Structures are given as C-alpha cells and as structure tokens.
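Here the structure is laid out as structure tokens; the discussion comes afterwards.
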Amino acid sequence: MSRIGKLPIAIPAGVTVTVSKEKMVTVKGPKGELMQQVDPRINVSVEGAVCQVSRPNDEKEMRAKHGLYRALINNMVHGVSEGYKATLQLHGVGFRVEMAQTPNTLNFTLGYTHPIYMQLPKEVKIETKAERNQDPLIMLECPDKQLLGQICAKIRTFRAPEPYKGKGILFLGEVVRRKAGKSAAK
C-alpha cells in the first residue's frame, strides 16, 4: 500500500472539495479556487471533513498515480486555505528589482545592458523589499504550489547563482557552495 496515498486528507473549515463525474477535483477556499483532473481509474471520495484517495489494483502505474494524486489534492487544500510563500534574494552589486507601472509586473536590473520585465499571473501576490546595505528581496504568495515553483524557477534563470563570487538570484537562506578561483602560479 502506498504510504502517501493511503493517508486521509483533512479538509479545514471554509474549504470545500467536490469531485465531478469526469473525475475533476475542485477545491474552493478563502485564498481561491483550484482544479485538477484525476485519472479515471483512481477513486476520490469526500466524506465529511476527510478526503480519501484509493486505487483499484496494485499495478505499478496505479501505485505511482495513487500517491501522486493524493499529494496534488493535499497541496490544493493547503493552498486554498493557507497559501504558499517563497522569498527570493538578489545577491550582487547593483542588482535591483521593483514593481513596474503595469500591475503584476517586475522590473529587474541584473547587470545586463537592458532591464528585464516579467509579467506575472494575477493569482500571484508580489511584494518587493529593498533596504539600504541589504540584498533586495522578492516575496511571492500564491495558492497554487506548482505555479509558484514555476515562477520562482523562471526568475532564477535571469541570473542563476554562480559558484565563484556567489552572485545571482537565490532563495532566502540558500547557501551557494563556493569554488576557489584561479591561483597565480609562480
């Protein structure tokens, strides 16, 4: 039996989980609404404040999907009730980020000859923080864990952390393993 798949999903107050005949799971809560299509062979049942995911047999594919869909539904329940947060830090001389004039758009200055503009989906809440003598921060909040991860990965591609000086866009608290530079041979 799947260790993840057999765990029940507790549904907090204020969150509703519905399953359609086409196996479309819809989760509504105070932070928003999320939907996920589930494999027709996987059974999702909601009884009271508990959601249970089960599989019809022990085939390898069914065992894998059992835990996958349980984790996806649990992430949706957590997202619409509490939400997910990520904080990115810009480490480097002259690296800046600010909100542009258009809504949900970030303006990055990352040492290139041009600024980089990034339009974010409306589901994502953005806050930037830049204090004197500290690295600028980007705080992102979203009910969809997958969308938040994709946005963070896209932002990191603008200036990936490099191992020689440690410059780049990092998650808050991330440690970059440093390499020694060239040594002068005499």
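The values are calculated or read from the model by the stated rules, or taken from the named source; none is laboratory data. The shown structure was predicted, so the numbers you read here are calculated from the model rather than taken from an experiment. Accessible surface is based on the protein model in full, side chains and every heavy atom, while ligands, DNA and RNA are left aside. Shrake-Rupley method; radii C 1.70, N 1.55, O 1.52, S 1.80 Å.
Relative to one another, the C-alpha centroids of the stretch 28-52 and the stretch 94-150 are positioned 32 Å apart.
For Y84, the accessible area of its heavy atoms, probed at 1.4 Å with every protein chain present, is near 40 square angstrom. Axis of helix 145-158 versus longest Cα principal axis of the chain: the two differ by about 20°, to the nearest ten degrees.
With a 1.4 Å probe and every protein chain kept in, tell me what percent of the accessible surface of the stretch 1-140 is carbon plus sulfur. The computed percentage sits at 52. Computed per residue of the chain from DSSP H runs no shorter than four, each worth -39500 (n - 2.57), the mean residue ellipticity at 222 nm is -6500 deg cm²/dmol. Average 1/r across all pairs of distinct alpha carbons in the stretch 1-96, invert it, and you get the Kirkwood radius: 14.6 Å.
Shown here: the stretch 1-48, whose C-alpha atoms stretch 33, 23, 17 Å along the first, second and third principal axes, sorted largest to smallest. Of the three principal axes defined by the Cα atoms of the stretch 84-186, the extents in descending order read 58, 27, 23 Å.
Projected onto planes of every orientation and averaged, the convex hull of the alpha-carbon atoms in the chain covers 16.2 nm². At a probe radius of 1.4 angstrom, the accessible area of the stretch 23-69 per residue rounds to 57 square angstrom.
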